[in-house]
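Contents: one structure, followed by commentary.
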There are 2 protein chains.
Amino acid sequence: MISNKPVAKNQEVWLRARPQGTVTPELFELRDAARPEPGPGELLIRIIYLSLDPAMRGWISDAPNYREPVPLDSVMIGFTLGEVAQSRHPDYAMGDIVYGRQGWRAWALSDGSDIDRKVEPLQGPISAAMHVLGLTGLTAYLGLTRVGQPKAGETVLVSTAAGAVGSMVGQIAKIQGCRTVGLTGSDDKVVACVEDFGYDAAINYKTAGDLEAALSEACPDGIDVYFDNVGGEISDAALDLINHRARIVVCGTMGIPAGPNPRGPRVSRQLLVKRARMEGFLVLDHLHRLDEVVAILAPWMAEGRLRFREDIVEGLAAAPAALQQLLAGNNRGKMMVRVGPDPTA
Amino acid sequence: MISNKPVAKNQEVWLRARPQGTVTPELFELRDAARPEPGPGELLIRIIYLSLDPAMRGWISDAPNYREPVPLDSVMIGFTLGEVAQSRHPDYAMGDIVYGRQGWRAWALSDGSDIDRKVEPLQGPISAAMHVLGLTGLTAYLGLTRVGQPKAGETVLVSTAAGAVGSMVGQIAKIQGCRTVGLTGSDDKVVACVEDFGYDAAINYKTAGDLEAALSEACPDGIDVYFDNVGGEISDAALDLINHRARIVVCGTMGIPAGPNPRGPRVSRQLLVKRARMEGFLVLDHLHRLDEVVAILAPWMAEGRLRFREDIVEGLAAAPAALQQLLAGNNRGKMMVRVGPDPTA
């Protein structure tokens, strides 16, 4: 059988090389492709947003990590939000908004296995599925509640306090009745912490001078939970102020220099004297709890108790340069790429 | 009223000076005293055994610690096992065996507040209340089960594996169906680990050469629980072999040099990549659970599944020198002082 339909267009971004140091746009290539046609049991998704995430640096490197690296000469992977354009799959209908792992492309064929959930537009703007009602919220909520276990009246310290995860942690801890203190790296972000995200205090660690003294003043009752997105020297001062039975959530370590054997203060004696706990948390272990956590966070967002910032760039072609900006810390909120029109915006 | 009874004798050991480095017998003085007479609500205890414990170095130092130091020119504190000689207290009768904190003396007056429990001689030799059925067993059992949470089939690594706590941890983990591996500091102790305490493998860390390679061979499936009584360099090699969701019980840190800021490998990235936990455990937080734990351990001891060694010196006067030997690592089992005859031996 010969089809007379013209071949519909698609675009994809491929990974072409691994980073030597900095991630640059030259590692990627924008390519034209044919738009796929769904067969039985398949659906076609029109991508609306790509999520850009700091972890992508690890995904494209071949250094040891918690997953295999993205293969060279294939489409870059990433979390996406899209609209079902055609469906021959019993679980999905045209117009459904789906959140999944469709990667850096304009149109994606799926058999459903790379879709994580349907997004309910009534819960708010669908872009929130990329952050507050997505992995950012899941990381913040479960990392804080499962490992940090804050109780009302306790003091919760957060590093990268104005960042996507950090700002959610601070707000969720505040909702749970805690005193919240943020560590961040600029005076602008100190203002954002206090004015936008409701922290009781915030510290610019780059200009604080004696960081332990500044922390001590901001945490007069000590630190019960430290939600640590950085590790390294910024966090060393915090460890000296932990209370009995403190919980340290190790959620990120970008403050620790790369290399085989970074050294710093030994923590065992401090953990023993304080009967404290330090535990790693990785959201990928908990994806199956997303619906449950979204059901908790969505009402808080609707009530205006979870504020957030988005930093959206336009067009698939802009994704590689936007990733470079994100990794340089130049974003001003959750970084996303708008690949196509948002029907709910 | 004038009493015609001759004054009965007592002996006490007083702390006279704080250690400058090594603990020596000269820090203590044996003194004669009058044997007290119990008033209403009081009882007189004849001390049978004193427990000597590594933590005593901390108790007599004025370095920061988890408790106030023993005051100078007062009786040395310590855990004791004694027989009630006279009682005007409703809860205790003559002949009761009591475990408590009567300190380094031959006879002790008590109002009951410094008694932790009555010891049931049917549970085995009463000296076991000093170790397997006392704080040693409580430390091993709760540290392992509460923080370590071993599951059958997992690998449990133990440092100071032939020591009082370590040997109990290894045997309890074995009873729970784990593979047990011991780290210890002499070939004699390696033999004791395997032959007396049932470890599947044991390593002399002083002669192992490449400790990580030796550990890797002894733990072919990695390490799920590390019960760490030492910290420091011995433990650094273990951290490189932990499995996903590994639990590290920080129970002692004598392998970390004293001083304000000991340094070593940073652990955050390892904890994050492995979603592992490191937590301090101090038995003093859990004294109220002693009866419950003794009820679990006593049958195992009666069945010969919890083997132990005792190292008993004779006479209150020998306590200071015995403490020095203990702190030098020259003991050959749980170190105790026999102050008076054991009616159950």
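The values are calculated or read from the model by the stated rules, or taken from the named source; none is laboratory data. Predicted, not measured: the structure shown is a model, and the values here were computed from it. Virtual Cβ from ideal backbone geometry, glycine too; neighbours counted across all protein chains shown. Heads up: the accessible areas ignore ligands, DNA and RNA and are worked out on the full protein's heavy atoms, side chains in. Shrake-Rupley method; radii C 1.70, N 1.55, O 1.52, S 1.80 Å.
Quick check of the Kirkwood formula: for the range B:253-326, what is the inverse mean of 1/r over all pairs of different Cα atoms, in Å?
On the way: mean 1/r = 0.0567 Å⁻¹.
Evaluated over the range B:253-326, this radius sits at 17.6 Å.
With r as the distance between the Cβ atoms of A:Lys118 and A:Arg67 and R0 = 22 Å, compute the FRET efficiency 1/(1 + (r/R0)^6) and round to 0.05.
Numbers: r = 25 Å, r/R0 = 1.13.
Computed FRET efficiency for A:Arg67 and A:Lys118: 0.30.
From the label point of A:Asp291, set 7 Å along Cα to the beta carbon, how far off in nm is each other copy's matching point, shortest first?
4.8
Which distances, shortest first and in nm, link A:Asp111 to the matching position in the other copies, using label points set 7 Å out along Cα to C-beta?
Distances to the matching label points in the other copies: 7.8 nm.
Highest GNM mean-square fluctuation, chain B, Cα pairs closer than 10 Å: which of B:Ala162, B:Ala322, B:Ala85?
B:Ala85
Hey, in the GNM for chain A with a 10 angstrom Cα cutoff, which one of A:Gly259, A:Gly231, A:Gly209 fluctuates hardest?
Looking only at A:Gly259, A:Gly231, A:Gly209, the largest GNM fluctuation is found for A:Gly259.
Stokes-Einstein diffusion coefficient for the range A:198-345 at 25 °C in a medium of 0.890 mPa s, Rh from the Kirkwood formula over Cα pairs: what value in µm²/s? If you can, show how the numbers build up before the last one.
Working: Rh = 18.7 Å.
Estimated diffusion coefficient is 131 µm²/s.
Once you keep just the Cα pairs under 8 angstrom separated by 6 or more residues, what percentage relative contact order results for the range A:135-284?
Numbers: 308 pairs, mean separation 33.9, N = 150.
Worked out over the range A:135-284, it gives 23 percent.
I need the inter-copy label distances for A:Arg67: point set 7 Å along Cα to C-beta, values in nm with one decimal, smallest first.
5.0
Pull out the extension gain between A:Ser74 and A:Arg309, defined as 0.36 nm times the separation in residues minus the alpha carbon to alpha carbon distance; nm, one decimal. Before the final figure, lay out the partial values.
Values: separation 235, 0.36 × 235 = 84.60 nm, distance 3.13 nm.
Roughly 81.5 nm would be gained on extension.
Using the Cβ atoms and a cut-off under 14 Å, what net charge is assigned to the surroundings of A:Pro40, where Lys and Arg are +1 and Asp and Glu are -1? Before the final figure, lay out the partial values.
Working: positive: A:Arg88; negative: A:Glu37, A:Glu42, A:Asp91, A:Asp111.
Within the 14 Å Cβ shell, the charges total -3.
What is the projected area of the convex hull of the Cα atoms of the protein assembly as shown, averaged over all directions, in nm²? Please list the in-between numbers first.
On the way: hull surface 152.3 nm².
Answer in nm², one decimal: 38.1.
Over 10 Å intervals from 0, what percent of Cα-Cα pairs in the range A:1-116 sits in each interval?
Here the calculated profile for the range A:1-116 is 14, 40, 30, 14, 2, 0.
Please calculate the 1.4 Å probe accessible area of A:Asp91, with all protein chains present, and give it to the nearest 10 Å².
90 Å²
For B:Trp107, tell me the accessible area in Å² from a 1.4 Å probe, rounded to the nearest 10.
About 50 Å², rounded to the nearest 10.
Between B:Ala8 and A:Asn330, how high is the FRET efficiency from 1/(1 + (r/R0)^6) when r is the Cβ-Cβ distance and R₀ = 51 Å? Nearest 0.05. Could the numbers behind the result be given before it?
Details: r = 83 Å, r/R0 = 1.63.
The pair B:Ala8/A:Asn330 has a calculated efficiency of 0.05.
Given contacts defined as C-alpha pairs under 8 Å and at least six residues apart, what's the relative contact order of chain B, whole-number percent?
Values: 732 pairs, mean separation 59.9, N = 345.
Dividing the mean separation by the residue count of chain B yields 17 percent.
When you take every Cα atom in chain B, what is the radius of gyration, and what is Dmax, the widest Cα pair distance, in Å?
When restricted to Cα atoms, chain B yields Rg and Dmax of 21.4, 77 Å.
When only alpha-carbon atoms count, how far does the range A:151-225 stretch along each of its three principal axes, as whole angstroms with the largest first?
Projected onto the principal axes, the Cα atoms of the range A:151-225 cover 31, 25, 17 Å.
Under 10 Å, Cα contacts only: if you run a Gaussian network model on chain A, which one of A:Lys206, A:Lys334, A:Lys118 comes out with the highest mean-square fluctuation?
Its mean-square fluctuation being the largest, the pick is A:Lys206.
Report, for the protein assembly as shown, the % of DSSP beta bridges that are antiparallel, rounded to 5.
Details: 68 of 120 bridges.
Antiparallel bridges make up about 55 percent of those DSSP assigns within the protein assembly as shown.
Relative contact order of the range B:31-119: what whole-number percent is it, with Cα pairs under 8 angstrom and at least 6 residues apart? Please list the in-between numbers first.
On the way: 182 pairs, mean separation 32.1, N = 89.
Computed value for the range B:31-119: 36 percent relative contact order.
Leaving out ligands, DNA and RNA but keeping every protein chain, what accessible area does B:Val191 have, in Å² rounded to the nearest 10, with a 1.4 Å probe?
70 Å²
Obtain the radius of gyration and the Kirkwood radius of the range A:135-284 from its C-alpha atoms and give Rg over Rh.
Working: Rg = 13.9 Å, Rh = 14.9 Å.
Reported Rg/Rh, Kirkwood definition of Rh: 0.93.
Per residue, what accessible area does the range B:120-270 have, given a 1.4 Å probe and all protein chains present, in Å²? Let's see the in-between values first.
Details: 5450 Å² over 151 residues.
On a per-residue basis, 36 Å².
Here are some pairs, A:Lys274/B:Lys334; A:Lys189/A:Lys334; A:Lys151/A:Lys274; A:Lys274/B:Lys174; which of them have Cα atoms lying more than 21 Å apart in this structure?
A:Lys274/B:Lys334; A:Lys274/B:Lys174
Between the range B:142-174 and the range A:220-277, how far is it from one alpha carbon centroid to the other, in angstrom?
The two parts, judged by their Cα centres, are 26 Å apart.
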